[in-house]
1. Of the numbered conditions (1) surrounded by fewer than 18 Cβ atoms within 10 Å (Cβ to Cβ); (2) on the phi < 0 side of the Ramachandran plot; (3) free of Cβ contacts under 8 Å to residues at least 60 places away in the same chain, G227 satisfies every one except a single condition; which is it?
2. Please determine whether any residue of segment 78-87 is touching a residue at least 40 places away in the same chain (Cβ under 8 Å) and crowded, with 24+ Cβ neighbours inside 10 Å.
3. Could you list, in sequence order, the residues of segment 166-194 that are in a loop (DSSP other than H, G, I, E, B), surrounded by 18 or more Cβ atoms within 10 Å (Cβ to Cβ) and either more than 22 Å from the chain's Cα centre (by Cα) or of a type outside the set (S, T, Y) (or both)?
4. Quick one: would you say A5 is more than 16 Å from the ligand (Cβ to nearest atom) and either acidic (D, E) or farther than 20 Å from G126 by Cα (or both)?
5. Counting only residues that are closer than 13 Å to N40 by Cα, of a type in the set (G, A, S) and in a loop (DSSP other than H, G, I, E, B), which one in segment 68-112 is farthest from the ligand (Cβ to nearest atom)?
6. Out of all the residues in segment 1-53, which are buried (at least 24 other Cβ atoms within 10 Å of the Cβ), part of a loop (DSSP other than H, G, I, E, B) and of a type in the set (V, I, T)?
7. Any chance you could count how many residues in segment 116-140 are within 12 Å of the ligand (Cβ to nearest atom) and hydrophobic (A, V, I, L, M, F, W, C)?
Amino acid sequence: MIKKAIAVMTSGGDSPGIAAARAVVRTALSEGVSVYGINNGYQGMLDDDIVELDSRSVSDMIQRGGTFLGTARSMEFKTPEGRKKGFDNLMKHGIEGLVIIGGDGSLTGGSLLSKETGIPIVGLPGTIDNDVWGMDYTIGCDTAANTIVDAINKLRDTASAHRRIMVVEVMGRNSGWLAMMAGIAGGAEYVLVPEVKYDLDEMCHELKAMYDAGKRYSIIVIAEGAGSGVGLGKVVEEKTGIDTRVSVLGHIQRGGSPTVEDRMKASMLGEKAALAIISGATNLVFGFNEGKVVGVNLFDAVNNKKTLDPELVRLARVLA
Ligand code: ADP
């Protein structure tokens, strides 16, 4: 049972999940527990960039993208000595438990900190990649997918006007979840992801046949982990003889005002995380699975790899 203070941090690749941190802060305060914000992820923990937050610290935040706490990557935290230094800083402030909002790497760091120091830790899956094991939703993925779909809608208009093929490169170095969600929702003809091998010759052959039959546009979504959009565009144009353009969406996918789904789910998860850690829980990651809040063991979450749903791969093919 935590009596006095917890801390909250965002870490790793940013995702639009401020509502989660806001909910942690307000829930803890309403339980009579102080909340510290750790700025810039693990780097801030090592630099003792730790400040006490009040209810107003998170005013005017819910509509914002990014993270008001900042985020960073820290090599030093990957060492046991670094983690000990971070723990000592937490102790200086009387912090009894930590809520970490981040992706796979951040949660792995948290699991080691917990194992080595015993400090209670609850994680929330803050990543646009939707790649945390044990759950089908991560905070920020919906906003990023909506940004991609918005771009696809616009690109389809111009592709159709010129009878072009549009290649859209999206984020996802190791995971094709984001590409698959946005590709299906955006009505893409092909979704290329790192998990699935694709036959370039066959794809180009099909594209050529479609255009010969009168098709005016095609959208190919490619996750960065499946190859370079620019490289793919060149090959497709060469092999099909059809005008092909490439859009690399880049960091635009990380920013922007969060969707209602992300705000709602992040708020619910933030409250759950704060209540859990205050009541003495540790080594849990809260997420949504099949529409319900689930608490997954932190070590299971980081030691297992979430695989891409083959049903989505199949659906993308059927609907192409
Ligand atoms: P994400 O959380 O988005 O997956 P990273 O993989 O960059 O982002 O991880 C964020 C930070 O978490 C790293 O900079 C590092 O400080 C910490 N971290 C990542 N992986 C590990 C690890 N294996 N051991 C300890 N700390 C880690």
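1. So G227 meets the others, but not (2).
2. Within segment 78-87, one or more residues are touching a residue at least 40 places away in the same chain (Cβ under 8 Å) and crowded, with 24+ Cβ neighbours inside 10 Å.
3. Taking segment 166-194 and keeping what is in a loop (DSSP other than H, G, I, E, B), we get 171-176, 186-189, 193-194.
Pick out the ones that are also surrounded by 18 or more Cβ atoms within 10 Å (Cβ to Cβ) and you get 171-172, 175-176, 186, 188-189, 193-194.
Those that are in a loop (DSSP other than H, G, I, E, B), surrounded by 18 or more Cβ atoms within 10 Å (Cβ to Cβ) and either more than 22 Å from the chain's Cα centre (by Cα) or of a type outside the set (S, T, Y) (or both): M171, G172, G176, G186, A188, E189, V193, P194.
4. Details: more than 16 Å from the ligand (Cβ to nearest atom): yes; either acidic (D, E) or farther than 20 Å from G126 by Cα (or both): yes.
Yes, satisfied.
5. Only one residue tops the list, namely G70.
6. Hits for segment 1-53: nothing passes.
7. 4
Yes/no matrix, rows are residues, columns are (1) modelled with pLDDT under 95; (2) of a type in the set (D, E, K, R); (3) in the same structural domain as E76 (by TED's automatic domain parsing):
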| residue | (1), (2), (3) |
| --- | --- |
| S11 | yes, no, yes |
| D14 | yes, yes, yes |
| G17 | yes, no, yes |
| V25 | no, no, yes |
| L29 | no, no, yes |
| G32 | no, no, yes |
| I38 | no, no, yes |
| Q43 | no, no, yes |
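The values are calculated or read from the model by the stated rules, or taken from the named source; none is laboratory data. Just so we're clear, the structure is a prediction, and the values are computed from it rather than from any experiment. Quick reminder, even Gly has a Cβ in these numbers, built from the backbone with ideal geometry, and neighbours come from all protein chains shown.
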